[in-house]
Structure formats: structure tokens, C-alpha cells
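What follows is a set of notes on a single structure, which appears directly below.
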Amino acid sequence: MVAEAPRPPSAEDDGLISGGRYRRMALAAFLAVSTVALVPLLLVTGVSYRQYRSAFESDLSNPMLRFAAAAQQSLGSFLSERLSALGMIMRDTPIEDLKNSAALERVLQTMEQSFGGIVDLGVIDETGIQVAYAGPFALEGRDYAEHKFFQQARVAGVSVSDVFMGYRNLPHLVLAIHKDLGGHHELVLRATVDTDVFHFLVRARTSRRPEQAAFCRRCHSLVVPPFADAFIINQDGVLQTPSRFYGDILGRSRLPPLPHSSEPALTEVVDARGQPLVVAYTQIQGSPFTLVVLSPRDATHAGLMSVRHDVIIFVVVSCLLIVTVVAAGTTYVVRRVHDADLKRAALYHKMEYTNKLAAIGRLGAGVAHEINNPLSIITQKGGLLKDLLTMSDELPPKTKMIDLTDSVLKSAERCGVITHRLLGFARHMDVQQESIDLDALLHEVFGFLEKEASYRNLRITFDCIGEVPHIVSDRGQLQQVFLNIINNAFAAVDDGGHIEIGIRQEETTDVAVSITDNGIGIPESQIPHIFDPFFTTKKGAGTGLGLSITYGIVQKLGGRIGVTSTVGKGTRFTVTLPLTHPAAGSSE
């Protein structure tokens with residue numbers, strides 16, 4: 001029968017070369033690289049968009065606030081100039097002329113030429129009767145005692161009324177100045193302001209050509225006027241000038257109440273129709289009026305929405321490109337690592353197998369001597385049996401022949417045990433989990449070295465502490481581990497030395513095997529390197545692979561190996577193995 005050649009070790013026999021390990025490696029690398037690439041992109045994009053939005057809103061709000069401030073100044077100046085003119089007339093004009101309609105007409109013409117915007121003038125006495133009037137309406141003798149502007153002027157000295165209809169049945173507002181004549185006599189000089197002029201001061205600022213400013217040019221490109229609407233309301237929210245979208249004069253504006261602010265302010269509100277608006281507003285000093293400038297929020301933010309849409313597309317496309325590149329790169333790198341690990345594992349298994357064959361070679365002399373002894377016995381007993389059968393015609397005694405035959409059979413059986421043990425150790429087998437008695441395994445391994453120990457007069461002792469349970473592991477690989485360590489112990493001790501092999505259970509999950517010798521020891525500086533490949537303390541006699549391979553096998557079996565040593569006193573190797581191999585546990 002032709003013996004089958006030993007199968008070379010395969011990289012797949014290495015438990016570390018598994019798909020799950022590389023999937024985790026690829027996932028970790030993908031997440032790490034993606035995070036490093038995507039987080040800065042998202043942060044920079046977010047900060048840039050926030051800064052752009054802040055600049056955009058500032059660019060949007062500043063023109064509206066500037067318009068509100070300019071309109072506040074214009075309207076305030078308009079009212080204060082005319083109030084000052086009325087005060088000057090009241091102060092410098094004789095009382096008789098003030099009560100004379102003809103003289104009051106001349107004053108009206110003078111004011112119209114100097115200031116403009118005044119429709120008529122009237123003088124009211126302390127009873128509320130208009131005693132003199134100059135203007136286009138027949139209002140002389142009208143009673144204003146119950147009118148708000150008259151009462152306010154008598155109390156505060158100056159009055160700027162809301163826009164109201166009055167006797168003329170037309171929207172107008174009144175400026176009034178009070179003068180106390182003494183002796184319970186007083187006069188109130190009133191002037192009606194042309195509301196068309198008042199409205200023009202507001203509307204004129206919203207009719208600018210949009211090309212005059214960058215903001216207006218942007219709005220014009222979006223087919224949106226620079227400001228959608230501008231108007232004046234009183235303290236009750238009643239329109240004092242017409243609005244493009246919120247009705248005519250003296251109608252309700254349908255805007256929510258605006259917080260009081262003497263300085264131009266910007267806010268966002270929702271009108272009665274549910275439309276969001278950007279509103280700039282300011283109080284007109286010395287009057288009950290509030291100037292309101294507004295634009296629909298969607299229109300004013302159309303440019304921002306376009307930019308946000310572009311930013312979102314940019315971020316999504318960039319993220320997809322980054323993720324695609326990172327995924328492809330990670331897959332490529334992990335595949336290369338996997339290929340390199342396969343080559344490394346194949347080389348490691350080859351070295352492991354070569355080391356095993358080298359160990360067998362070192363055992364050759366002892367095994368040959370071990371086999372020669374029973375072969376000599378077979379030869380001797382066989383020769384004697386032949387002589388007994390050929391030297392006499394009579395058969396030798398039956399008991400003699402049985403003894404000779406039994407001796408031959410025992411010697412042949414001894415040869416078979418020796419060769420079977422050697423072949424079983426040399427044959428490379430797939431990783432096979434089985435229940436192992438460590439004490440019996442260590443005695444079996446020591447059987448390979450028994451003759452060398454006897455020849456060198458080495459004392460080998462076994463110490464099994466307590467009842468040690470069987471472990472589930474790979475018998476062939478454990479044989480190689482302990483053979484390598486015991487061989488090193490043999491090399492470290494002199495003839496007549498002592499080697500102690502101990503077995504004990506640690507906690508409830510591990511079993512520890514210690515191999516202690518009283519040899520030369522290992523310097524402390526060399527201990528961290530003894531498991532490195534090609535590192536050896538045997539001057540010219542070692543390859544430096546034995547302990548490196550031993551360390552790798554123990555790791556693969558789910559165990560750990562440690563060493564303590566004192567120069568001149570000896571070394572102890574401790575191999576700690578789990579009761580159940582991890583691979584065996586995971587397959588159940």
C-alpha cells in the first residue's frame with residue numbers, strides 16, 4: 001500500500017482568515033475615512049451657508065431699515081416744519097388778524113408759497129367754534145368742541161390728529177397749535193395737511209427703479225419690487241395712507257400688533273391671510289403714526305431658497321462621490337490586506353509544518369534506537385525458533401514455542417506503537433476538535449524524548465494538581481506546542497538536570513500547563529523578544545522559529561503563553577488553554 005503524501009497546509013486552516021474579520025475591518029475603515037471626509041465637508045458647508053444667510057438677511061434688512069429711517073426723518077421733518085410754522089403764525093400774528101378770515105387767507109397763501117402741503121387754516125375759540133377760516137370749504141362757524149384734535153391741543157398745546165373724514169367728508173389730518181389769551185380766552189390754530197402729499201412722501205420711496213441698488217437689482221431679477229408695500233397706520237392699526245395689498249385709507253390693515261419701537265426695527269409676522277411677511281417699521285416722532293414697510297417672506301427669500309437648493313444638491317452629490325470613492329478604496333485596500341494575510345498564513349503554515357518535520361528529524365535517532373530494540377528481540381527469538389525447528393525432527397515443546405511467539409508479537413506490537421506515534425505526529429491533519437486528556441497527551445509527547453532523557457540522566461516529574469477536566473482542542477497542534485517547549489527545556493539544562501511538568505485548573509474556564517527547568521535561564525532583556533521570528537538564544541544551533549510558531553499556535557487555539565526566567569536558576573513556560581476552543585464553541 002502506497003502511503004499518501006502529507007497534504008500541504010492551507011491558509012484557510014488559519015482561523016484568523018475569516019470573512020467576518022475583514023467585513024468588520026472594511027466597515028471600520030469605511031466609517032473612519034467617511035467621517036474624516038464628510039464631517040469637515042458638512043461643517044464647512046453649514047458654516048458657509050449660515051454666513052451667506054446672515055449676509056443675505058443683512059442685505060435684505062438693511063435697505064428696508066434704511067428706507068424706514070429715511071421715511072421717518074422725512075415725515076417727521078414734514079410735520080415738525082409745519083407745526084413750527086403754525087407756532088410762528090400764532091406767536092407773530094395779531095389776534096385780530098387771526099380772527100379775520102381775509103387776513104387768515106393771506107397767511108395761508110404765504111404758507112403755501114413757503115412750505116406747501118397745507119389745504120386750509122382755521123382759528124377755533126375756547127368754545128370750539130371755528131371763528132375764522134381760509135380754504136376751499138365753507139367751514140366757518142363749525143363746532144369742533146368734541147373733536148379729538150381740539151381737546152388734545154387744549155391739553156398738550158400741540159396736536160397731530162389721526163386721519164379722519166370730518167365735515168368735509170374726505171380723509172385728512174389736522175395739525176393744531178393752542179394759545180392761551182388769558183381771562184379764560186384761548187385760540188386753537190388748525191391746519192389741514194394735504195394727505196396726497198403725505199402719502200407721496202411714503203410712496204415716492206417705494207417707486208425707485210430697482211436697478212439703483214444691488215439688492216433692488218436682485219429683486220428686480222426675481223420679478224419682485226424692492227418693497228412690496230409701504231403705508232402708515234395709527235395706534236389702532238387703521239391705515240392712514242392707502243396700501244397696495246391691505247386696503248384703502250381708514251381701513252384695517254389686518255396686521256398683528258407691532259411692538260413699540262422709536263427706532264427702525266425689523267420683524268417677521270403673519271397677516272390675517274396667513275402669509276408670512278418681513279416687516280420694517282418705525283414710530284413717527286411727535287405723531288400717532290407708525291410707518292410700515294413690508295415684503296412677502298417667500299419673495300424676499302427666493303434668492304436664499306435658490307442658494308439653499310444648490311447647497312443641498314452640492315452636499316448630496318459630494319457625499320455620494322465621497323462615499324463611493326471611500327467604499328471603493330476601502331474594498332480595494334481590505335482585499336489587498338486579505339490577499340497579504342492569505343500569503344502570510346500560507347507561509348506561516350509552511351514554516352509550522354517545516355518546524356514539525358525538523359522536530360521529527362531531531363527525534364529520528366531516538367526513534368531508531370527505540371525500534372532497534374524490539375527488532376533485535378524479534379530477530380533473536382525468530383532465529384531461536386527456526387533453530388529449534390530445524391535442528392531436530394521432533395517439535396519443540398509447545399510452551400517454549402508459545403513463549404517465543406509471544407515475545408515476537410510483543411516486540412512487533414512495540415514497533416507498531418512507535419511508528420504509529422511518529423506518523424501520527426508527522427502527518428498534517430485538518431484542525432479537528434476533540435476531547436483531550438492533557439496528562440495523557442504530555443506523557444505521550446514525553447515518550448518521544450524518553451530515550452534522550454534516559455541517556456542524559458534527566459529527571460522528569462509530572463505534577464497534576466487536583467482533578468483536571470478534559471479540554472476540547474486540536475491534538476496535533478498541542479503535541480507540537482509541548483514538544484517545542486520541552487525540546488527547549490532539554491536544550492537549556494545540563495546532563496542530570498530536572499524538568500517539572502505541572503497541570504492545574506485556573507478558575508472555571510482555563511487549564512494551565514507549566515514546564516519548568518533548572519537550566520541556564522534567559523536574560524531579562526531578551527524575554528520580550530523570545531517569541532519574535534528568527535530570534536534565538538541558541539548560539540548557532542537554532543532557527544528562531546520554534547517559539548514564534550508555538551506562540552502563533554497557542555493564540556490560534558484561543559490560549560495564551562507566558563514565560564518567567566532567572567539567569568542561572570531556570571525558566572518556566574506557562575501555557576493557558578480554554579476548556580473549549582472558541583471555534584468549537586461558535587460552531588455549536
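Values for this structure:
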| item | result |
| --- | --- |
| Close pairs (6 angstrom Cβ cut-off, 6 or more residues apart or separate chains): modelled with pLDDT of 90 or more in segment 112-130, small (Gly, Ala, Ser) and loosely packed, with under 15 Cβ neighbours inside 10 Å anywhere | Gly128/Ala145 |
| Filter result (of a type in the set (Lys, Arg) and either in a helix (DSSP H, G or I) or over 18 Å from Asn488 (Cβ atoms) (or both)) within segment 429-463 | Lys451 |
| Total residues in segment 131-145, condition surrounded by fewer than 20 Cβ atoms within 10 Å (Cβ to Cβ) and in contact with a Gly (Cβ under 7 Å, 6 or more places away or on another chain) | 3 |
| Index of the failed condition, Ile501 passing every other in (1) of a type outside the set (Lys, Arg); (2) part of a strand (DSSP E or B); (3) free of Cβ contacts under 8 Å to residues at least 40 places away in the same chain; (4) surrounded by 14 or more Cβ atoms within 10 Å (Cβ to Cβ) | (3) |
| When residues of segment 93-121 are limited to those that are in contact with a strand residue (DSSP E or B) (Cβ under 7 Å, 6 or more places away or on another chain) and among the polar types (S, T, N, Q), the one nearest to Gly182 (Cα to Cα) | Asn100 |
| Residues of segment 94-120 classified as β-branched (Val, Ile, Thr) and surrounded by 16 or more Cβ atoms within 10 Å (Cβ to Cβ), total | 3 |
| Candidate set from segment 519-571 (those that are assigned to a loop (DSSP other than H, G, I, E, B), exposed (fewer than 14 other Cβ atoms within 10 Å of the Cβ) and modelled with pLDDT under 85); member that is nearest to the chain's Cα centre (by Cα) | Asp532 |
| Members of segment 276-312 found to be closer than 19 Å to Tyr246 by Cα and modelled with pLDDT under 85, listed by number | Ser295, Pro296, Arg297, Asp298, Ala299, Thr300 |
| Single match in Leu458, Leu441 (criterion: modelled with pLDDT of 85 or more, more than 27 Å from Gly552 (Cα to Cα) and surrounded by 16 or more Cβ atoms within 10 Å (Cβ to Cβ)) | Leu458 |
| Criterion: in contact with a helix residue (DSSP H, G or I) (Cβ under 6 Å, 6 or more places away or on another chain), in a strand (DSSP E or B) and not assigned by TED's automatic domain parsing to the domain that holds Ile284 - qualifying residue of Val119, Val188, Val131 | Val188 |
| Set Val39, Val33: member being without any contact (Cβ under 8 Å) to a residue 60 or more places away in the chain and not basic (Lys, Arg) | Val39 |
| Segment 1-54 - residue that is closer than 30 Å to His309 by Cα and charged (D, E, K, R) and, of those, modelled with the lowest pLDDT | Arg53 |
| Restricting segment 151-187 to residues that are touching a Phe, Trp or Tyr at 6+ places or on another chain (Cβ under 6 Å) and at pLDDT 90 or above, the residue that is nearest to Leu250 (Cα to Cα) | Ser161 |
| Only one of Gln73, Gln152 that is in contact with a strand residue (DSSP E or B) (Cβ under 7 Å, 6 or more places away or on another chain) and either part of a helix (DSSP H, G or I) or among the charged types (D, E, K, R) (or both) | Gln152 |
| Qualifying residue in segment 462-475 (condition: under 20 Å from Ala440 (Cβ atoms), touching a His at 6+ places or on another chain (Cβ under 6 Å) and in the same structural domain as Thr576 (by TED's automatic domain parsing)) | yes |
| Members of segment 417-428 found to be part of a helix (DSSP H, G or I) and either surrounded by 14 or more Cβ atoms within 10 Å (Cβ to Cβ) or at pLDDT 75 or above (or both), listed by number | Ile418, Arg421, Leu422, Phe425, Ala426 |
| Pairs, first outside the structural domain of Arg475 (by TED's automatic domain parsing) in segment 410-422, second of a type in the set (D, E, K, R) and modelled with pLDDT under 70, C-beta under 6 Å, six or more apart | Ile418/Glu370 |
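A quick yes/no check of all residues on (1) in contact with a strand residue (DSSP E or B) (Cβ under 6 Å, 6 or more places away or on another chain); (2) of a type in the set (Gly, Ala, Ser):
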residue	(1), (2)
Val44	no, no
Arg53	no, no
Leu65	yes, no
Ala68	yes, yes
Arg91	no, no
Val123	yes, no
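Yes/no matrix, rows are residues, columns are (1) under 23 Å from Ser565 (Cα atoms); (2) within 55 Å of the chain's Cα centre (by Cα):
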residue	(1), (2)
Leu438	no, yes
Leu442	yes, yes
Lys451	no, no
Val481	yes, yes
Asn488	yes, yes
His498	yes, no
Gln505	yes, yes
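The values are calculated or read from the model by the stated rules, or taken from the named source; none is laboratory data. Please read all numbers here as calculations on a predicted model, not as lab measurements. Ideal geometry is used to build each Cβ from the backbone, glycine not excepted, and the neighbour counts take in all protein chains shown.
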